[in-house]
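K.L.:
Sharing a structure below in structure tokens format, with a few things to ask.
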Amino acid sequence: MTYKVVVTREGGQWTADVPSVPGAHTFASSLGGLRRSVREVIVLMDDLPDFAEPDVELRFEVDEDAVRAAVGLAERREALARAEAALRTQTVDAIRALKAAGHSVRDVAALVGVTPGRVSQIAPETSRGEDPRDTLARSVGASAPRARLRGRAVAPNRNVVPNPEGGWDVKGAGTRRSAHADTQAEAVARAKQIVGNAGGGEVSIHGRDGKIRAKDTVDPGNDPRNIPG
């Protein structure tokens, strides 16, 4: 369930009301703080488990033109991220269909508009007598495509973790942040985009307690074990 939150601006403070939850009202000096506060209020007033992380959708009712313009821009960026994710899925499907129909790597690349290397990653050539499924597993298994970082091979996997100051960070194996987003959903979409561009891998989604709640595979990565949320 996604809770609709009405956000206003009063005296230098952001205020939030949740129409569907009587008594759910809070305020904060920053939007990051407001998101945290409104989730805490929803958990309390709607009698949710303490560890719950309710999804919220902010609707800004502010007279400031610059704020309205920024909100519209954020909505367009989110729509673009969703469209890019759908396009990547459609591209993978098209490549596999063309390869299955017997087209060459170079022809598939020309038709779809990607590099031959990307085609080979998604639909690797099958050795004589080898099951195509075994070829795919071998190509994206322990030797999955890896990004290069300062001369060392590193997995392109990413983690989506909460930022103590608000929002969500996308991080690699180290502590350096790859990206930041206001919502977890936006951070997950950006993490998948980064991993997909790097050749595929895993996106680990952490809760606000720091524990991994779920893992998603970005083609052509391997499905991880199911991790309880």
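Every number here is computed from the coordinates shown, using simple stated rules; none is lab data. Everything numeric in this text was worked out from a predicted model, so none of it was measured. Virtual Cβ from ideal backbone geometry, glycine too; neighbours counted across all protein chains shown.
K.L.:
Between H180 and T89, take the C-beta separation as r, use R0 = 35 Å, and let me know the FRET efficiency to the nearest 0.05.
P.N.:
Result of the calculation: an efficiency of 0.90.
K.L.:
OK, next. By average Cβ neighbour count within 10 Å, what is the ranking of 72-79, 95-102 from highest down?
P.N.:
95-102, 72-79
K.L.:
Within a 10 angstrom radius of the beta carbon, how do L87, L44 rank from fewest other beta carbons to most?
P.N.:
Exposure proxy ranking, most exposed first: L87, L44.
K.L.:
May I pose another question? If neighbour count is taken as other Cβ atoms inside 10 Å, put S29, S178 in order from fewest to most.
P.N.:
Numbers: S29 10, S178 15.
Fewest-to-most ranking of S29, S178: S29, S178.
K.L.:
Let me ask something additional. Under 30 Å from the Cα of K99, which lysines turn up, not counting those fewer than eight places away in the same chain?
P.N.:
Partners within reach: K192, K215.
K.L.:
Considering only A74, Q121, V105, whose Cα is most displaced toward the positive end of the charge dipole of the stretch 1-125, charges sitting on Cβ of Lys, Arg (+1) and Asp, Glu (-1)?
P.N.:
V105
K.L.:
Now for a separate question. Using Cβ contacts closer than 10 Å as the measure, can you line up L31, L80, L58 from fewest to most?
P.N.:
L80, L31, L58
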